[in-house]
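> I'd like to ask you about the structure that follows.
The values are calculated or read from the model by the stated rules, or taken from the named source; none is laboratory data. None of the values given here were measured: they were computed from a predicted structure. For neighbour counting, all protein chains shown are included, and Cβ atoms are generated from backbone atoms with ideal geometry for every residue, glycine included. Side chains included, ligands, DNA and RNA excluded: accessible areas come from the protein's heavy atoms. Shrake-Rupley method; radii C 1.70, N 1.55, O 1.52, S 1.80 Å.
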Amino acid sequence: FRDDKIVLAGGERTRGMPQNDMVSGLYAEVDENPREVYYFDPKSGTIQRFMELTEGRLGVAVAQLSDGRIFFIGGGIDTIPSARGCEPGSATFCQCNPGGVIPLCTDYVDCVDDVCQPRNFTRKDLATRSIEIYDTQTGNDKVLPQTSWLRHGRVGHAVAVLTGDRVLVVGGSSAARRSFQASEFELREGPKALDSVELWDPESQQFRILPPLAIAREGAVLADAGDAGLLLLGGFVPTENGGRPTALVERYVATSERFEAAGTLSVARVY
């Protein structure tokens with residue numbers, strides 16, 4: 001960032017228990033998305049904690065504007081999913097009917113001979129549209145009103161700050177792919193890669209949709225290549241049998257506000 005500090009935000013904190021329930025084959029609740037945000041100060045060589053997000057985010061994108069404000073954009077939020085046999089049980093978990101099809105349940109009530117015991121399974125990290133801003137000058141933190149949120153929730157997206165504090169948000173996925181089993185991908189909450197592009201307009205305080213990418217991709221990187229412009233490199237592309245990394249390079253053309261093909265990498269890759 002502009003003060004040479006490196007901001008560390010979002011991610012996943014794993015608890016010390018098995019990732020899978022070997023009896024049922026379902027994921028056990030072993031992780032949480034931490035809210036703490038840190039920065040690394042290269043001058044002192046230390047990591048300092050300086051704020052907390054309103055809610056923990058997996059794969060959140062971070063951008064700093066010229067006035068020092070830090071945007072925390074999108075990311076995966078621990079979310080109570082829906083599935084056949086499940087219904088909301090409280091603000092923190094859902095109840096599932098015994099014997100139902102329950103691949104997405106957070107709390108499963110296992111009943112044998114009228115004796116019921118709850119068993120916990122993971123929530124899904126579904127992408128959020130929300131934008132949170134931290135003001136480095138005042139120390140204030142706030143979530144923008146919904147009218148200023150992304151048009152599409154996304155995780156694993158790429159972000160770049162353009163001239164005039166316009167923020168370009170590219171690609172991503174509707175959910176964190178790693179929290180879904182293969183049999184769950186076709187469910188409503190299943191991760192879907194995005195080809196959409198959005199641009200933050202500081203005057204209207206809103207995002208607007210730009211022309212889409214040539215292909216939907218998540219886990220791509222935006223890089224400033226100087227005279228070559230802003231390049232979108234790599235990423236994960238869904239296929240009929242799963243997915244693959246891509247070698248396609250696209251270049252952002254500021255005059256037309258769209259991406260165009262700009263060659264290929266020697267090796268397909270995803271971060």
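> Name the residues in the range 140-157 that are of a type in the set (Gly, Ala, Ser) and either touching an Asp or Glu at 6+ places or on another chain (Cβ under 9 Å) or without any contact (Cβ under 8 Å) to a residue 60 or more places away in the chain (or both), would you?
Ser148, Gly156 - these are the residues of the range 140-157 that are of a type in the set (Gly, Ala, Ser) and either touching an Asp or Glu at 6+ places or on another chain (Cβ under 9 Å) or without any contact (Cβ under 8 Å) to a residue 60 or more places away in the chain (or both).
> Of everything in the range 34-55, what is part of a loop (DSSP other than H, G, I, E, B) and open to solvent by less than 10 Å² (accessible area, probe 1.4 Å)? Give them in sequence order.
Leu53
> Check Gly226 against each of (1) closer than 18 Å to Thr255 by Cβ; (2) crowded, with 16+ Cβ neighbours inside 10 Å; (3) not charged (D, E, K, R) and name the one condition it does not meet.
So the condition that Gly226 fails would be (2).
> OK, next. So, of the residues in the range 118-152 that are among the small types (Gly, Ala, Ser) and at pLDDT 95 or above, which turns out to be farthest from Leu194 (Cα to Cα)?
Top of the filtered list is Ser148.
> Further, regarding this structure: Considering every residue within the range 216-232, establish whether at least one is within 24 Å of Leu126 (Cβ to Cβ), of a type in the set (Gly, Ala, Ser) and out of contact with any Leu (no Cβ under 8 Å at 6 or more places or on another chain).
For the range 216-232, residues within 24 Å of Leu126 (Cβ to Cβ), of a type in the set (Gly, Ala, Ser) and out of contact with any Leu (no Cβ under 8 Å at 6 or more places or on another chain): present.
> Moving to a separate point now. How about the range 247-262: which of its residues are in a strand (DSSP E or B) and open to solvent by 40 Å² or more (accessible area, probe 1.4 Å)?
Hits for the range 247-262 are Leu248, Arg251, Arg258, Glu260, Ala261, Ala262.
> Here is a further query. Does the range 132-146 contain at least one residue that is closer than 18 Å to Val270 by Cβ and under 18 Å from the mean Cα position of the chain (by Cα)?
No, there is no match, as no residue in the range 132-146 is closer than 18 Å to Val270 by Cβ and under 18 Å from the mean Cα position of the chain (by Cα).
> What residue, among those in the range 217-251 that are polar (S, T, N, Q) and within 21 Å of the chain's Cα centre (by Cα), is nearest to Leu265 (Cα to Cα)?
This residue is Thr246.
> Shifting gears a bit: Do we find a residue being open to solvent by 70 Å² or more (accessible area, probe 1.4 Å), within 24 Å of Arg35 (Cα to Cα) and part of a strand (DSSP E or B) anywhere in the range 201-208?
Checked against the condition, which is being open to solvent by 70 Å² or more (accessible area, probe 1.4 Å), within 24 Å of Arg35 (Cα to Cα) and part of a strand (DSSP E or B), the range 201-208 yields no hits at all.
> Being at pLDDT 85 or above and touching a Gly at 6+ places or on another chain (Cβ under 6 Å), is that true of even one residue in the range 35-47?
Yes: the range 35-47 contains one or more residues that are at pLDDT 85 or above and touching a Gly at 6+ places or on another chain (Cβ under 6 Å).
> Can you tell me which residue is surrounded by the most Cβ atoms within 10 Å (Cβ to Cβ) among those in the range 166-197 that are modelled with pLDDT of 95 or more and over 14 Å from the mean Cα position of the chain (by Cα)?
Per the criteria, the residue is Val197.
> Does the range 56-76 hold any residues that are among the β-branched types (Val, Ile, Thr) and either open to solvent by 30 Å² or more (accessible area, probe 1.4 Å) or in contact with a Lys or Arg (Cβ under 8 Å, 6 or more places away or on another chain) (or both), and which are they?
Scanning the range 56-76 gives a single hit, Val62.
> Let me ask you something else. Can you pull out every residue in the range 215-241 that is within 30 Å of Thr147 (Cα to Cα) and either assigned to a loop (DSSP other than H, G, I, E, B) or touching a helix residue (DSSP H, G or I) at 6+ places or on another chain (Cβ under 6 Å) (or both)?
Ile215, Ala216, Arg217, Gly219, Ala220, Gly235
> On to the next question. Given (1) in contact with a helix residue (DSSP H, G or I) (Cβ under 9 Å, 6 or more places away or on another chain); (2) assigned to a strand (DSSP E or B); (3) of a type outside the set (Ser, Thr, Tyr); (4) farther than 27 Å from Ser66 by Cα, where does Arg244 come up short, assuming only one miss?
The number of the failed condition is (1).
> If you don't mind, another one. If Pro212 meets every condition in (1) assigned to a strand (DSSP E or B); (2) modelled with pLDDT of 95 or more apart from one, which number is that one?
Going through the list (1) assigned to a strand (DSSP E or B); (2) modelled with pLDDT of 95 or more, Pro212 breaks only (1).
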